[in-house]
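Please treat every number below as a calculation from the coordinates, not as lab data. The structure presented is a predicted model; accordingly, all values stated were derived computationally and were not measured. No Cβ is skipped: glycine too gets one built from the backbone with ideal geometry, and neighbour counts run over all protein chains shown.
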Amino acid sequence: MRCGEKQAHLPRVANHFTGVDVRSKILSILFLLVLGVGGFDARHVVEAQTQPRLIEITAHRFAFEPSEVTLKKGEAVVLVVTSRDVSHGLRFRELNQELKIPAGGKTQLRLTPDKVGDFVGQCSVFCGSGHGGMALTLHVVN
């Protein structure tokens, strides 16, 4: 342009695709995904990982089925014990845990073993002549 000439005014066209704008849009989208917007809810992923494993056990005169269960040290579990007949109990002295199962009912015991070993639980409610042999063994491994 020469001295004294007027500069032609052309309308400015906004460039919506500059490097900075693209990066900020991508970051915004990622941020929304992490927050759970857009159909993805990160809370469900965390909940799924923290749910304890359910272990179904049946108590009846004069046994627990299964009679042996293997657990991992530090893994949260819930023992769901159902009585098929009379009232029963289950006591693990070494783990300081006990529960009572009503006749025909169901009881849960939340447990996270913190030591390795074999732990024998005995029926703690007298249920008849074979009561003394009614046991459930938890094998806790690393």
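Data table
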quantity: Normalised convex hull volume, segment 67-142, alpha-carbon set, Å³ per residue; calculated: 76
quantity: For GLY89, distant residues with modelled amide H under 5 Å away; calculated: ILE101, SER124, VAL125
quantity: Net +/- balance of residues flanking VAL81 in space, Cβ distance below 10 Å, scoring K and R +1, D and E -1; calculated: +1
quantity: Sequence of HIS131, HIS88, HIS139 once ranked by neighbouring C-beta atoms within 10 Å, starting from the fewest; calculated: HIS139, HIS131, HIS88
quantity: Local electrostatic count, VAL141, Cβ distance below 12 Å [Lys/Arg +1, Asp/Glu -1]; calculated: +1
quantity: Cα pair distances in segment 46-89, grouped into 10 Å bins until the bin that holds the longest one, percent each; calculated: 24, 44, 23, 8, 0
